[in-house]
Amino acid sequence: MKRTFAFFFFFCAFVIGLLAQAPADRIIGTYMTEGGKAKVSIARTGNKYVGTIVWTQTPGKLDSKNPNAAERTKKIEGKHILQNFVYTDDNTWEKGTIYDPESGKSYSCKITRESDGTLKVRGFIGISLLGRTTEWKRL
């Protein structure tokens with residue numbers, strides 16, 4: 001009887017833990033960036049979310065505008081462009097950064113997930129009002 005109760009208790013705790021994580025993990029997946037220039041795969045690492053370029057319109061393109069000279073000889077594919085996002089609430093991930101390989105600059109970033117799975121990715125300097133938003137479509 002004790003084993004059955006213990007199993008049931010831990011099973012319920014495990015299921016509740018999974019359900020509590022579900023809203024935060026809704027961002028996990030692969031997305032086409034605005035204009036179809038690249039595909040970005042978003043994954044969870046610990047309690048943070050990161051995004052990696054997995055495909056570009058121009059295969060083999062180098063990260064030539066990177067401010068770090070050692071990175072300029074590396075391909076854009078495989079590059080982490082989203083870093084350290086934390087789920088806050090209401091389908092929003094914040095406190096992360098986004099790297100723009102077209103300019104070589106990094107920005108503070110906020111991501112909001114729409115009900116259809118589309119991401120509104122807002123890069124900004126300082127405060128969110130001073131920035132630009134793009135839409136990424138879930139594949």
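In segment 79-108, whose amide N lies under 13 Å from the spot 7 Å out along Cα-to-Cβ of ALA43? List them in ranges.
So the set is 79-81.
Accessible area of segment 63-139 with a 1.4 Å probe: how many percent of it is carbon plus sulfur? Walk me through the numbers on the way to the answer.
Working: 2280 of 4550 Å².
Ligands and nucleic acids excluded, carbon and sulfur reach 50 percent.
Please give the contour-minus-distance gain from THR30 to ILE125: 0.36 nm per residue of separation, less the Cα-Cα distance, rounded to one decimal in nm. Please list the in-between numbers first.
Details: separation 95, 0.36 × 95 = 34.20 nm, distance 2.58 nm.
Stretched out fully, the THR30 to ILE125 stretch lengthens by 31.6 nm.
Can you give the alpha-carbon Rg of segment 58-139 over 2.2 N^0.38 Å, where N counts its residues?
On the way: Rg = 13.8 Å, N = 82, 2.2 N^0.38 = 11.7 Å.
For segment 58-139, the normalised Cα radius of gyration comes out at 1.18.
Is segment 32-90 best put as rounded, prolate or oblate by its Cα gyration tensor, with a ≥ b ≥ c the root eigenvalues, rounded for a/c under 1.5, and otherwise prolate when a/b is larger than b/c, oblate when not? Could the numbers behind the result be given before it?
Details: a/c = 2.59, a/b = 1.55, b/c = 1.67.
Note, shape of segment 32-90 comes out oblate.
The values are calculated or read from the model by the stated rules, or taken from the named source; none is laboratory data. Treat the numbers as computed from the prediction; the structure is a model and nothing was measured. We place every Cβ from the backbone using ideal geometry, glycine too, and count neighbours over all the protein chains shown. Each accessible area value is taken on the protein alone, full model and side chains, heavy atoms only, with ligands, DNA and RNA left out. Shrake-Rupley method; radii C 1.70, N 1.55, O 1.52, S 1.80 Å.
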